[in-house]
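Remarks on the structure that follows.
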Amino acid sequence: MAATVGIGLLGLGTVGTAVARRLIDEWELLGERAGATPVLRRVAVRDAERPRTVNLKNVPLVSDPTTVVDDPDVRIVIEVIGGREPAATLIEHALAAGKTVVTANKLLAAHQGPELSRLAEQHGAGLWFEATVGAGLPVIALLRGSLGADRISRIDAIINGTTNVILTHMRRDGITLRAALADATERGYAEADPSADLDGWDAAHKLVIMSWLAFGVHVQPESVDRVGIRDIDLADLAYTGQLGYTVKLVAHAHTGDAGAVHLRVRPTAVPADHVLFGVDDSDNAAFISGDLAGEVMLRGLGAGGESTASAVVSDVVEAIRRLDAQPQPPATRPAALLDGEAVEVAQYVRLRVADMPDARQLALQALEDRGVPVVEAIDKPPIDGPDPQLLILTGSAPRAVHDRALETVDSLPFVREIVSTLDRIEPSS
Ligand code: HSE
């Protein structure tokens, strides 16, 4: 009889259900690919009495997750309960017992990934986390494996499905953020607390994980320069569209001198000739620059139960293939951060200005005088009162220079309000 490997599952929510279904329904295919058949031994759930949509075929449901981790027949523990605790304690317990762990827990991987990896290494166990970024997209495999020979200099990514659904719907259908969020929630993309999505935390966690693998540094999520999408205005989606841009929550990272890194998550105006431009709805994309491979792009469904289960179960297959010699992610060096104020950015700015002849010219002059180049300026009729709107595309200058120049502009008597500012990727042509 073919060899088997016992699997324990922690959590039977949307992702856990899809994982269990694939393990049970496709055991033969998975076994052929892995070289030994994964067999689900036990599943831990919060409420063992609740009806389930997956036929577990007599696999016991238990309410105490430690009994799954401690089961001597369980060799690989899958954690899909999410959150910091009790997930962290359960994973540490499993790794300390030499068991390999497959997790979809991005919060945990972002905060404690390198530490858990070290624990895994000490105990000859493996830690697999493909599902933490981009669900079924092989972002982690790309960074951990395929680009293993490259020095990676830059990442630009759309790695939060919920905000991408929201921005796409707002732009296409003119609906409010709240209505668009309801749709993303119904489709199972939004976090239980959607502020994780709306405020950019989820994308920041994923960017931290990618940067750990790409640059060998562990940046704390709190150190990511992070702005969410709550203040995005329908008018800016329309105006940027007229100028040939689309607004995306872009996660960006790059390295600078002496290996220092900059990580940011911000709503960004993306031009039509950029690869992230058409990445709409719940699609995710990661655009990565390596010194040998050049620019590599992954794109596809980046959220949802089945797409995430694809990543979890592929990790199980890979972990079984390498059961006796689990590969480890790179060691990390201390993270030196580039000064975010000195990082060069280009922007889209919308002003409400008094209807007087020189207002436009004086506002633009103030920007130029303070070191911010003006690439284009477009007058628009009033939309929410008597004052006309002025759209300005600025060229590349340090963020602090932009901030100071905009403070000056804001103080000009004929400038009623800086309505919005967005980072902007400059078109290549
Ligand atoms: N809330 C996350 C998202 C789920 O919208 O991308 C997938 O990680």
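The values are calculated or read from the model by the stated rules, or taken from the named source; none is laboratory data. Remember, it's a predicted structure, so these values are computed and weren't measured experimentally. So basically every Cβ, Gly included, is an ideal-geometry build from the backbone, and we count neighbours across all protein chains shown. Quick note on the areas: whole protein, heavy atoms, side chains included, nothing else; ligands and nucleic acids left out. Shrake-Rupley method; radii C 1.70, N 1.55, O 1.52, S 1.80 Å.
What the phi angles of region 396-413 give under the Karplus curve with 6.51, -1.76 and 1.60, with θ = phi - 60°, is a coupling list of 5, 7, x, 4, 5, 5, 4, 4, 5, 5, 6, 4, 4, 4, 4, 8, 5, x Hz, glycine and proline written as x.
Computed from phi, the 3J(HN,Hα) profile of region 360-370 under the Karplus parametrisation 6.51, -1.76, 1.60 (θ = phi - 60°) reads 4, 5, 5, 5, 5, 4, 4, 5, 4, 4, 9 Hz, with x in place of Gly and Pro.
Bridges between two residues of the chain, per DSSP, are antiparallel at a rate of about 65%. Each peptide in 359-366, 3-10, 131-138, 416-423 was scored by the mean count of other Cβ atoms within 10 Å over its residues; highest first, the order is 131-138, 3-10, 416-423, 359-366.
Solvent-accessible area of the chain (1.4 angstrom probe, protein heavy atoms only): carbon and sulfur portion equals 49 percent.
Is the shape of region 1-102 rounded, prolate or oblate, going by the alpha carbon gyration tensor and its root eigenvalues a ≥ b ≥ c, with a/c under 1.5 for rounded and a/b larger than b/c for prolate? Oblate shape, in that a/c is at least 1.5 and b/c is the bigger or equal ratio.
Averaged per residue, region 133-216 has 35 square angstrom of accessible surface, using a 1.4 angstrom probe with ligands and nucleic acids left out. Based on Cα contacts under 8 Å between residues 6+ apart, region 13-76 shows a relative contact order of 30 percent. Each of the peptides 161-169, 31-39 was scored by the mean count of other Cβ atoms within 10 Å over its residues; in descending order, highest first, they stand as 161-169, 31-39.
What the Cα atoms of the chain give is an Rg and a Dmax of 24.0, 86 Å. When a/c reaches 1.5 or more, the comparison of a/b and b/c decides; with that in mind, is region 139-300 rounded, prolate or oblate per its Cα gyration tensor? Because a/c hits 1.5 or more and a/b exceeds b/c, region 139-300 counts as prolate.
Amide H contacts for SER282 (H built 1.01 Å from N in the peptide plane; partners 5 or more residues away or on another chain; cut-off under 5 Å): none found. Distance between the modelled labels on ARG154 and ALA36, one decimal in nanometres: 4.5 nm (7 Å Cα→Cβ projection).
Amide H contacts of LEU337: VAL261, each under 5 Å away and 5 or more positions distant or on a separate chain (H built 1.01 Å from N in the peptide plane; Pro and chain starts excluded). Could you tell me which of rounded, prolate or oblate describes region 218-350, using a ≥ b ≥ c as the square roots of the eigenvalues of the alpha-carbon gyration tensor, with rounded for a/c under 1.5 and, failing that, prolate when a/b is larger than b/c and oblate otherwise? Judged from the Cα gyration tensor, region 218-350 comes out oblate (a/c at least 1.5, b/c at or above a/b). For region 139-300, the relative contact order comes to 34 percent (Cα pairs under 8 Å, sequence separation of at least 6). Across the chain, the relative contact order, built from alpha-carbon pairs under 8 Å that are at least six residues apart, equals 16 percent.
At a probe radius of 1.4 angstrom, the accessible area of region 247-379 per residue rounds to 42 square angstrom.
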